[in-house]
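Trainee: Before I ask anything, here is the structure I am working with.
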Amino acid sequence: MDGRARPSLSAQHSWQGFSTGEWEGDMLKVTTTHLKEGWIRRNGVPRSEKATLVEYFIRHGYYLTLVTVVKDPVYLTEAFVRTSNWVLDPGFQLSPFSCIPTTEIERPRGAVPHHLPGTNAYLREFADKHGIPFDAARGGAATMYPDYTERLRPAGAR
């Protein structure tokens, strides 16, 4: 918000990225670029170093809404949008906590999980376990809309 120019595309990327803020009416809009590749969600939705994160902070009296929009030309076919809401509580005391690393999956030292193309035996595991068509389980923008369910029905049942 201090007027600094955004760095060049080849500038170093970091976990925090480079953020600029501006007011749009009574909303604070924060745009972040230059993020290292990572994950949008811990369950595996990846984010590339080309992603842009836009956050809108909106206050309505005692309520704060955060609208998060991620655009990533590498991994997303359209924007990933989510909202979070909080209620003001002036007496709230945040308890201190410590982050302690933990091993979630035991692996030999130096092992890197990988599958060569066409060799991942677990690719269909989720779809098969839940009786979901494989393409629907893989996701993507087309699977997010109500009309997608029509394409899942057998041709005679439509």
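Trainee: List residues of region 118-133, by number, whose backbone nitrogen lies under 13 Å from a label position 7 Å along Cα→C-beta of THR143.
Mentor: Label zone hits: 123-133.
Trainee: Take the alpha-carbon centre of region 49-125, take the same for region 1-40, and report the distance between them in whole Å.
Mentor: Using only Cα atoms to place each centre, the spacing works out to 17 Å.
Trainee: Turning to a different aspect of this structure: Cut-off under 14 Å on the C-alpha distance; same-chain residues fewer than 8 positions from LYS71 excluded. Which aspartates and glutamates are left, in chain and number order?
Mentor: Straight-distance partners of LYS71: GLU37, GLU49, GLU55.
None of the figures in this text is laboratory data; all of them are computed from the coordinates on show. Just so we're clear, the structure is a prediction, and the values are computed from it rather than from any experiment. Please note: Cβ atoms are built from the backbone with ideal geometry, for glycine as well, and neighbour counts cover all protein chains shown.
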